[in-house]
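The values are calculated or read from the model by the stated rules, or taken from the named source; none is laboratory data. If you're wondering where the values come from, they're calculated on a predicted model, not measured in any experiment. All Cβ positions, glycine included, derive from the backbone under ideal geometry; neighbour counts span all protein chains shown. Each accessible area value is taken on the protein alone, full model and side chains, heavy atoms only, with ligands, DNA and RNA left out. Shrake-Rupley method; radii C 1.70, N 1.55, O 1.52, S 1.80 Å.
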Amino acid sequence: MRKLIIVIVTMFLMVTTVFASGDLNYSVNGNVVTLTGEMGVSNSPISIQVFTQSRKYYVGQLTTDQYGKFETTFTLDDDKNYQARVNADENHKEIVIKVPKIDADSGSGTDDGTVEVKEYVNLLVKGYNNKVFFSGRVEISKSDTVLSLLKRSLDKNGISFIERGGYVSSIGGQSEFDKGSKSGWMFSVNGIFPNKSCNNVVLEDGDVVKWIYTTGESIHKVSGTTSNTQEEGVQVVVTEDKKPKIIITVSPDEGKIKVDLNDDVFSQVIKQANNNDMKDILIELKSDEHIQEIDVGISKESIEEILNKAMNIVVKSDLGNIEIPISALKELKKQGDIEKLALKIERPDQKVLTKVQKEAVKDQVLFDIAISKNDQTVSSFGGKMLKISLPYTLKVGEDKNKIFVWYLNDKGIKEKVGCTYDEELGVVTFETNHLSYYLVGYSDAYTFDDVQKDAWYYESVMQMVQLNLFQGTEKHRFSPNSEMTRGMFVTVLHRFDGKSRSEAKNSFEDVNSGEWYTEAVNWSADNGIVNGVTQTKFMLNDTITREQAATILYRYAKFRGMDVTILGDMDTFKDRNNTSAWAEDGVKWAVGNGLIKGKGNSMIDPRGSTTRSEIATMIKRFIVLKNTNR
C-alpha cells in the first residue's frame, strides 16, 4: 500500500510542474505547456513565439484581459529546452521553458508475459478567439479514427460537440457559420487536410491531429500535385482582405518539400487576383515539421499567363520568402523561352562548402537560394532586384540592429548586404540581383564608440549601417556630429536606389573619374535629382543644408513616382521667409511628411547645416514614407 501511495505522489509531481521567471510563468503536464503572464497593459494584443535555435514551435496571437494578464496552452516535444518570447508593443518578456523527458512507461504486462506497447497521438482543438478546447498527448487503440479520438477527448473534459455522419459542425458552442458563410471546423493529420471524413481516417502512433476553426477565408480545393502526390494538400484561398493565394500543406520528406504546381492552380488564383485588382501571385508552404529545403516548380503555361497579366511571384515558407517582380520575369523571358521555373531555398550542410568558405561561415546561418530556368541555374536577372526574407531568432542579449546578411562568394569572401530586421516576425529582409550562398547572423563588428544606445539618433544610425547606406568614418567611429557633405549625401541616396547606373558624362570640373562619389553624382545630375552649385561646380565637400536635403529627397520622390502632393504648413515657423525660392516646395513637402521638424523656438532653420546623425534620421523617416507610399 505504501509503495502505491509513493508512486501516485511521484506521478502527481511529474505531471504538473510550475515554473516562474519575472511576470511569466509556465506549467508542464507531460508535453503540454500552459504559459501565463502579466504584461502590464489591459486589453492589448500580444504575440507569443516559442522556439529553439533551429526552428519555431509555436506562434500565437491573443489579447490580454482587463488586468493585463493572459494564458495560452500548446504542445511541445519532450526532453528539450525552449525560449519563449512575449511581445506587447514595446514591452518584451522572455522565459526558458524546460520540458522534461516523458518516461517510456508505455508498456503493460499481459498474461503470457509479453509487453503490450501503448500508442499515442498529439491532439489540438482550437477555436476562434484563440480558444483552446484541448491540447495534449492521448493514448489510442488500433482502430481509433480522428472522430473517435475527438469524441473521447471532448467527453472526458466535459466539452459539448455536434457531429452527424462524420461531419463535426460544433465544438464547445462554436458552430459553423458563426464567423461567416465559409467558416467552420477543419481537421488535419500531420499537416495534411485529408480528402475524407474524420470517421474514415485511422490514426497511427505519433500522429499529430489538429482541429481548427477556420474563419475569414474561403477555401476552394483545386487540382494540384505535390512530391507525395497528395492533391488535397493544394488549395486556393481568398483571404478576408480579398487577396488570393495558393496554400500548400504538406509533410516534408527528410526535411525537404518539393512541389510542382499545375496550370489549374494558377488559373484559379490569377482569376481571383484579376477580380480583386491584385498584382501578386502568393504561394505559401505550410508544415508542422522542421524544413531544410523548399523547391517550388512552375510550368511554362503558368509563367506565360503570369507574364501576360504582369504579376509578381511571391513564395512564402518558414524557411524564407522569395519575391520575384514582373521586371525580373520579363528579363528571364528575354534570355529565352521558360519551359519551367523553379525556386529553391535550402539550409545546406556545410559539407558542400570549400575549406575557405567553411572558415568564413563561423557561427552564422548558411542559406543557398537559387532560381532555375529549364533546369539551369540562373545567377543574375539583368540588374533587376529580388526581395528575400530569411528567418533569424534573436538570442537573449542580442541587439536587433546588429543582425546582418552577407553574400558568400566562391573564394570564401563575405560581402555585407543591406538589410532590415523585423523582430516581431523574426525575419531579416534584403534585396539582391544575384543568387547564391547567403549568411545570416549577429555581429558586433559594427559597434561605434561614439554612438551610445541612449542617444536620440541611435536607432537611425544603426539602421542606416544595417541597410549599408552609411559606413563608419573609421573603425568603431561613426562621427554622428560631423557635418554631412553634398558628396556624402548623394552617395547615400545612390546606394538606397540600388546603385543605378547612368550613361551620362560628367559635366563638373570638381568631380574626378573613378572616385567613390563619381557614379552617384553622375546618376543624380542625369536624373535631375541634384544640381551643381554652378554650371561647372558640384561642390562635393560643401556642407549640405536642411533645405538642400529636403529638396533632393523631394526630387527623388518625384523621380520614383511617389505622391508628393501633401505639403506642410509653414506659417508656424518664424524664419519661414529664409527658405530659398527654389527650395520652397521641397521644404513644405518635407515638413508635411515629417521628414524635417522644427529646431525649437518655432524655427525651421532652412539654411542651417546638417550632421551625419540628422541626415541618417531624415533618411530613415523617408524610407518609412516610401514603404507606405506604394
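Remarks
- Residue list for the stretch 477-520, restricted to those being aliphatic (A, V, I, L, M) and under 25 Å from Phe430 (Cα atoms): Met488, Val490, Val492, Leu493, Ala520
- Selection from the stretch 354-370 of residues that are open to solvent by 10 Å² or more (accessible area, probe 1.4 Å) and either in a loop (DSSP other than H, G, I, E, B) or among the aromatic types (Phe, Trp, Tyr) (or both): Thr354, Lys362, Asp363, Gln364
- Yes/no for Lys210 being within 30 Å of the chain's Cα centre (by Cα), open to solvent by 50 Å² or more (accessible area, probe 1.4 Å) and closer than 24 Å to Val250 by Cβ: yes
- Close pairs (6 angstrom Cβ cut-off, 6 or more residues apart or separate chains): polar (S, T, N, Q) in the stretch 117-131, at pLDDT below 90 anywhere: Asn122/Thr75; Asn122/Arg137; Asn122/Val208; Asn130/Leu62
- Candidates Leu390, Leu394 - the one that is at pLDDT below 95, of a type in the set (A, V, I, L, M, F, W, C) and touching a strand residue (DSSP E or B) at 6+ places or on another chain (Cβ under 8 Å): Leu394
- Scanning the stretch 501-525 for residues that are of a type in the set (Val, Ile, Thr) and assigned to a helix (DSSP H, G or I), we see that the one that is nearest to Lys620 (Cα to Cα) is Val521.
- Qualifying residue in the stretch 395-413 (condition: of a type in the set (Lys, Arg), more than 30 Å from Val50 (Cα to Cα) and either more than 24 Å from the chain's Cα centre (by Cα) or open to solvent by 40 Å² or more (accessible area, probe 1.4 Å) (or both)): yes
- The residue list Gly498, Gly528 contains one member that is small (Gly, Ala, Ser), in a loop (DSSP other than H, G, I, E, B) and free of Cβ contacts under 8 Å to residues at least 60 places away in the same chain, which is Gly528.
- Per-region count, the stretch 531-552, residues acidic (Asp, Glu) and assigned to a helix (DSSP H, G or I): 1
- Extreme residue, farthest from Val356 (Cα to Cα), among residues of the stretch 418-436 that are open to solvent by 20 Å² or more (accessible area, probe 1.4 Å) and of a type in the set (A, V, I, L, M, F, W, C): Leu425
- Leading residue by the ranking (most open to solvent (accessible area, probe 1.4 Å)) among those in the stretch 531-553 that are hydroxyl-bearing (Ser, Thr, Tyr) and either in contact (Cβ under 8 Å) with a residue 12 or more places away in the chain or closer than 20 Å to Thr579 by Cβ (or both): Thr536
- Condition check for Gly158 on (1) surrounded by 13 or more Cβ atoms within 10 Å (Cβ to Cβ); (2) at pLDDT 85 or above; (3) part of a loop (DSSP other than H, G, I, E, B): one failure, at (1).
- Flag for Gly320 being touching a strand residue (DSSP E or B) at 6+ places or on another chain (Cβ under 6 Å) and in contact (Cβ under 8 Å) with a residue 60 or more places away in the chain: yes
- Annotation note: of Ser609, Ser613, the sole residue that is in contact with a Phe, Trp or Tyr (Cβ under 6 Å, 6 or more places away or on another chain) and among the small types (Gly, Ala, Ser) is Ser613.
- Residue count for the stretch 371-405 satisfying the condition of being in a strand (DSSP E or B) and either touching an Asp or Glu at 6+ places or on another chain (Cβ under 6 Å) or not aromatic (Phe, Trp, Tyr) (or both): 15.
- Within the stretch 426-457, being under 27 Å from Gln49 (Cα atoms) and not in a loop (DSSP other than H, G, I, E, B) holds for Val427, Val428, Thr429, Phe430, Glu431, Tyr438, Leu439, Val440, Gly441, Tyr442.
- Residue match in the stretch 193-205 (condition: closer than 19 Å to Leu124 by Cβ, within 26 Å of the chain's Cα centre (by Cα) and at pLDDT 70 or above): no
- For Ile566: the one exception among (1) part of a helix (DSSP H, G or I); (2) over 20 Å from Glu483 (Cβ atoms); (3) not aromatic (Phe, Trp, Tyr): (1)
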